[in-house]
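Colleague: Could you have a look at this structure, given as structure tokens, before my questions?
The values are calculated or read from the model by the stated rules, or taken from the named source; none is laboratory data. Note that this is a predicted model, so its numbers are computed, not measured. Counting neighbours? That spans all protein chains shown, and the Cβs are built from the backbone with ideal geometry, glycine included. To get the accessible areas, we keep the full protein, side chains included, count just its heavy atoms, and leave off ligands, DNA and RNA. Shrake-Rupley method; radii C 1.70, N 1.55, O 1.52, S 1.80 Å.
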Amino acid sequence: MAVMPDRTVLLPRFAHAAGTRGFAGRVLENCAAGPLMAWERPAGGPRVYISAGIHGDEPAGPMALLKLMEADFFTPAVHWLLCPVLNPDGLAAGTRGNGDGRDLNRDYLKRRTPEVRAHAAWLESQPAPDLFLSLHEDWETTGFYFYEINLGLDVPPRAAAIIEAVRPWFPPQPGPDIDGHPPRADGWIYHEAKADEPRRWPEAIFLARLGCPLSFTFETPSRAPLARRIAAHMAAVKAAGDYLPAHKKTAGA
Ligand SMILES: [Zn+2]
């Protein structure tokens, strides 16, 4: 098993790997532990946005994005938008919230935190992505699960393919209740584009309101070994990538 990248070297290591692969980095906000970065590599294909590390105590997502970058997963045909560490201070401290203890992933309506203000403004300054993937972890589960928010065509085989891709590392979390929701199938929460708490929007609800037609929020079980959680996130991202939606510009052509 390869040595896992330490979270304190993750930001510079990601910057190096992305920079050498033609990604342009933009500092969205300077945080105490380092910059909140957005990485972009334009292309004519679909716009795919992936974020991780909005909860600082969920390191598998940021590390999975680093490993995908270093493995040259990000193909040239896709317009990639990557925020590998949305909460640099939380990641450095190993806390869910930011340096002020606020949960960034409930702040996309009121935008009281500088991180979310800067991040939301960046997302609003450009066309909505065609696909959004969000990498999270959950302390309360032993299996893998995800949220799907889908404003377009219902494609059940896509959800099934993600479940099967992750199964070598984790079985899908069974119902009848996952994170307060009845799953559509084991591991699969089909969620409306509406926040569970009306005034506390998570990032995925904000993306849907921006016009992003499809998102998946992946959740690996925090209590399992980190290497398995990283591998599971990588497998889920790859499986979702096999079902990339057509870009708006070419849809119907
Ligand atoms: Zn989370």
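Colleague: I'd like the residue in the stretch 119-142 that is open to solvent by less than 20 Å² (accessible area, probe 1.4 Å) and away from the ligand (no atom under 16 Å from the Cβ) and, out of all such residues, is nearest to the chain's Cα centre (by Cα).
Modeller: This residue is LEU131.
Colleague: Among the residues of the stretch 181-199, which ones are within 18 Å of the chain's Cα centre (by Cα) and in contact (Cβ under 8 Å) with a residue 60 or more places away in the chain?
Modeller: Result: ALA195, single match.
Colleague: Now for a separate question. Checking PRO213 against (1) in contact with an Asp or Glu (Cβ under 9 Å, 6 or more places away or on another chain); (2) open to solvent by 30 Å² or more (accessible area, probe 1.4 Å); (3) away from the ligand (no atom under 16 Å from the Cβ); (4) farther than 21 Å from GLN126 by Cβ, which single condition isn't satisfied?
Modeller: (4)
Colleague: Could you check, for the stretch 36-53, whether at least one of its residues is within 16 Å of the ligand (Cβ to nearest atom) and either touching a Lys or Arg at 6+ places or on another chain (Cβ under 8 Å) or of a type in the set (Val, Ile, Thr) (or both)?
Modeller: yes
Colleague: Between ARG209, ARG158, which is within 24 Å of PRO46 (Cα to Cα), without any contact (Cβ under 8 Å) to a residue 24 or more places away in the chain and outside any strand (DSSP E or B)?
Modeller: ARG209
Colleague: On to the next question. With LEU109, LEU86, LEU82 as the choices, which residue is assigned to a strand (DSSP E or B) and of a type in the set (A, V, I, L, M)?
Modeller: LEU82
Colleague: Which condition from (1) at pLDDT 95 or above; (2) within 16 Å of the ligand (Cβ to nearest atom); (3) touching a Leu at 6+ places or on another chain (Cβ under 8 Å) is the one that LEU82 breaks?
Modeller: Condition (2) is where LEU82 drops out.
Colleague: Do any residues in the stretch 39-67 that are open to solvent by less than 10 Å² (accessible area, probe 1.4 Å) have Cβ atoms under 9 Å from those of residues that are more than 16 Å from the ligand (Cβ to nearest atom) and basic (Lys, Arg), where the two are at least six apart or on different chains, and which pairs are they?
Modeller: From the stretch 39-67, the pairs are ALA60/ARG228; LEU66/ARG13.
Colleague: Is there any pair with a first residue in the stretch 112-141 that is part of a strand (DSSP E or B) and among the basic types (Lys, Arg) and a second that is open to solvent by less than 40 Å² (accessible area, probe 1.4 Å) and within 16 Å of the ligand (Cβ to nearest atom) whose Cβ atoms are under 7 Å apart and which are 6 or more apart or on different chains, and what are they?
Modeller: none
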